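J.: Sharing a structure with you now.
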Amino acid sequence: MALIPAVSRLPSSRAARALLLPALLFAMAAAMPQCPIGTTVYPAPTGTVSSTLYTTMNLSGGGVVTLNPVVGPNCYYGMTCHFPAGYVGTYLNYVLPSGVSATLTNFNGTFAPAAGGTYAITGTASGLDSSGRPVTVDKVQAEMHIFCRSGRGGGCTKTYSGGSFTLTVGIASPAVTPTPAPTVAASPSPTPTPEPDS
């Protein structure tokens, strides 16, 4: 039985190489991480919430979103607490199932009571992803149950109960090649006129 080489040699003829080049470029492009252009809603059925509201959302089909909303020391349960864009330490980070990622430091929104006795972190953000494409987090929402007990050893426990991540991806702007400045030809130096002999 003939053995099949793991790496095939390219045909030596120029015409065959010309036919293979587009297919090779297409295969390379397909191998690069991509995420769909347009708006996609990613369910995040599981996750975790820390005591400081640092939240991990596990996307269906793979991928993860992490939220770090800094609401400050004057946020109390039962209130609507805001975290503005640019607040020190506030950010949103995501890695999609495709492997494309982004860290957005203008994450902003609220931590507030939600339906059914739950609480929710809700926010938006925008920026560029790892592919250089403009992205907008139209809405991220992470819901949680909070159980508090008083007395010695008391405190509050936050349990993630579900959420979603809505992302709009645009088309990357093509790189602009600067137009070279026109070359100005140097003016020739005047040729000295010989003086007549006296």
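J.: Counting only protein chains, not ligands or nucleic acids, how are Cys75, Cys81, Cys148 ordered by accessible area (probe 1.4 Å), most first?
T.: Cys148, Cys75, Cys81
J.: Just the accessible area for Ser161, please: 1.4 Å probe, Å², rounded to the nearest 10?
T.: Counting only protein heavy atoms, Ser161 exposes about 50 Å² to solvent.
J.: While we're here: Show me, for region 101-112, the HN-Hα J-couplings you get by feeding each phi into the Karplus relation (A = 6.51, B = -1.76, C = 1.60, θ = phi - 60°), rounded to Hz, glycine and proline as x.
T.: Values, residue by residue: 9, 7, 10, 10, 8, 9, 4, 8, x, 9, 10, 7 Hz.
The values are calculated or read from the model by the stated rules, or taken from the named source; none is laboratory data. Everything numeric in this text was worked out from a predicted model, so none of it was measured. In case anyone asks, the SASA skips ligands and DNA or RNA and just uses the protein heavy atoms, side chains included. Shrake-Rupley method; radii C 1.70, N 1.55, O 1.52, S 1.80 Å.
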